Amino acid sequence: MDLADLLGIRWPLLQAPMAGVQGSRLALAVCEAGGLGALPAAALTPDALDAEVRRLRAATDRPWNLNFFCHAPPTSDAVREQAWRERLHTDYARFGIDATAIVAAPGRRPFDANALALVVAHRPAVVSFHFGLPAEALLAGVREAGCRVLGSATSVDEARWLQARGADAVIAQGWEAGGHRGHFLSDDLDVQADLATLLPQIVAAVDVPVIAAGGIADARDVAAAMALGAAGVQVGTAYLLCPEADTRAVHRQALREARATAVTNVFTGRPARGIVNHAMAAWGPLSADAPAFPLATAFSAPLREAAEPHGLDDYSLLWAGRRFPACEERPAAEVTEALAQGFRARP
Ligand SMILES: Cc1cc2nc3c(=O)[nH]c(=O)nc-3n(C[C@H](O)[C@H](O)[C@H](O)COP(=O)(O)O)c2cc1C
């Protein structure tokens with residue numbers, strides 16, 4: 001079955017869930033334009049997520065995707081966290097922040113029994129996961145609710161693992177992608193290839209549809225991914241400047257500038273691609289000392305809150321994929337329609 005039919009959408013085009021920068025407004029606009037809009041759960045409290053789900057449900061009858069992280073919550077490590085406070089000392093001093101008051105807190109939520117209850121109550125057409133899949137008992141509940149299950153793979157091994165556990169389709173996430181690497185079987189960053197290398201390997205290795213993600217920002221990129229065997233595409237960064245996204249002002253400004261991206265773990269504890277700023281350069285971009293995911297989130301948050309009102313993005317999470325220069329400030333429906341031209345161009 002073709003991916004658009006499997007997911008009940010017009011185009012096999014998925015808006016990437018992007019925790020922290022979008023909610024139901026962007027998801028709705030993409031759904032109405034014929035793609036699969038997504039609501040990311042990881043950065044929301046259960047109440048806020050419930051409210052967003054209700055908003056989206058009330059606004060559309062079209063299918064949408066509810067997305068979760070499924071990391072194992074870490075235990076706090078006081079020695080490591082104190083070392084990290086000391087590492088960031090000059091930056092705290094710059095804004096007069098008392099670092100002793102910062103408590104390591106999980107800034108991102110994993111899929112759990114409460115999240116399953118929300119899924120069962122609202123029965124989204126699609127539930128997608130980043131960082132593997134939840135425990136079998138929880139996953140069985142998602143399937144019983146009638147949802148299609150998607151998962152991100154950064155390697156052939158991960159794609160096979162997802163297929164073996166019953167994923168309906170696999171998202172092949174290339175190295176170019178913005179945001180967190182979805183890896184879960186190996187944390188060796190060299191394992192994740194660029195999309196043009198990874199995609200045909202995964203297509204050859206699994207029988208389920210493969211969705212291409214990472215650096216897809218215009219119709220030519222869509223056509224190229226389809227030519228490499230993708231059943232559809234998932235696009236994140238290209239939607240960041242849309243008026244329906246909640247992308248913060250400093251993030252929007254950085255997306256308009258000619259800057260580099262890098263993969264960093266200093267903001268959350270897990271490697272993610274973003275536009276290079278002061279914190280990434282000074283603390284990393286990769287540091288073995290950063291507290292475990294997602295505990296590191298609490299340590300840069302007060303710096304971000306202090307700096308952003310001055311127009312400084314020095315400590316902000318500027319997640320973006322390598323193709324961010326292609327971002328345009330236009331409505332999500334127009335971005336979706338422009339990307340969909342890449343399907344029309346197919347032979
Ligand atoms: C700002 C931002 C936030 C992201 N947050 C999530 C998320 O919450 N869940 C998820 O599964 N993927 C997340 N991703 C990764 C996307 O699923 C996808 O792999 C990526 O956007 C594709 O690459 P592109 O950004 O170049 O289009 C995020 C990506 C970005 C840019």
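The values are calculated or read from the model by the stated rules, or taken from the named source; none is laboratory data. Predicted model, so just to flag it, every value in this text is computed and none were measured. Cβ placement follows ideal geometry from the backbone for every residue including glycine, while neighbour counts extend to all protein chains displayed. For the accessible areas, the whole protein counts, side chains as well, though only heavy atoms, and no ligand, DNA or RNA atoms are used. Shrake-Rupley method; radii C 1.70, N 1.55, O 1.52, S 1.80 Å.
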Given the conditions (1) more than 16 Å from the ligand (Cβ to nearest atom); (2) open to solvent by 20 Å² or more (accessible area, probe 1.4 Å); (3) at pLDDT 95 or above, every one holds for Y92 apart from (2)
task: Kindly indicate whether G182 is in a loop (DSSP other than H, G, I, E, B), open to solvent by less than 10 Å² (accessible area, probe 1.4 Å), under 18 Å from Q234 (Cα atoms) and of a type outside the set (S, T, Y).
output: yes
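If you check A42, A27, which single one turns out to be within 14 Å of the ligand (Cβ to nearest atom), open to solvent by less than 30 Å² (accessible area, probe 1.4 Å) and not in a helix (DSSP H, G or I)? Reasoning before the result, please.
Values: A27 fails: not in a helix (DSSP H, G or I).
Answer to the check: A42.
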(message) When you scan the range 207-221, do you find a residue that is farther than 29 Å from D168 by Cβ, surrounded by fewer than 22 Cβ atoms within 10 Å (Cβ to Cβ) and touching a residue at least 40 places away in the same chain (Cβ under 8 Å), even just one?
(response) no
Counting only residues that are more than 14 Å from the ligand (Cβ to nearest atom), buried (at least 19 other Cβ atoms within 10 Å of the Cβ) and not in a helix (DSSP H, G or I), the range 1-24 contains a total of 3
Within the range 45-65, the residues that are part of a helix (DSSP H, G or I) and crowded, with 19+ Cβ neighbours inside 10 Å are L49, E52, V53, L56
Those residues of the range 157-175 which are open to solvent by 30 Å² or more (accessible area, probe 1.4 Å), in contact (Cβ under 8 Å) with a residue 24 or more places away in the chain and more than 13 Å from the ligand (Cβ to nearest atom) amount to D157, R160, W161, Q163, R165, G166, D168
Going through (1) among the small types (G, A, S); (2) away from the ligand (no atom under 16 Å from the Cβ); (3) over 17 Å from S155 (Cβ atoms) one by one, A219 fails only at (2)
Checked pairs for the range 266-278, first closer than 14 Å to W175 by Cβ and open to solvent by less than 10 Å² (accessible area, probe 1.4 Å), second away from the ligand (no atom under 12 Å from the Cβ) and assigned to a loop (DSSP other than H, G, I, E, B), C-beta under 8 Å and 6 or more apart or across chains, list as A272/N265
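Can A48 be described as without any contact (Cβ under 8 Å) to a residue 40 or more places away in the chain and among the hydrophobic types (A, V, I, L, M, F, W, C)?
Details: without any contact (Cβ under 8 Å) to a residue 40 or more places away in the chain: yes; among the hydrophobic types (A, V, I, L, M, F, W, C): yes.
The answer is yes for A48.
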Every listed condition ((1) open to solvent by 30 Å² or more (accessible area, probe 1.4 Å); (2) within 15 Å of the ligand (Cβ to nearest atom); (3) of a type outside the set (A, V, I, L, M, F, W, C)) holds for G35 save (1)
Counted residues in the range 230-258 being under 23 Å from Y315 (Cα atoms), within 10 Å of the ligand (Cβ to nearest atom) and β-branched (V, I, T) come to 2
Of the listed residues (A262, A224, A238), the one being modelled with pLDDT of 95 or more, crowded, with 24+ Cβ neighbours inside 10 Å and on the phi < 0 side of the Ramachandran plot is A238
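Listed here are the residues, each with its yes/no results for (1) at pLDDT 95 or above; (2) out of contact with any Cys (no Cβ under 6 Å at 6 or more places or on another chain).
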position	(1), (2)
T45	no, yes
V53	yes, yes
L56	yes, yes
T60	yes, no
N65	yes, yes
A72	no, yes
D77	no, yes
L88	yes, yes
P106	no, yes
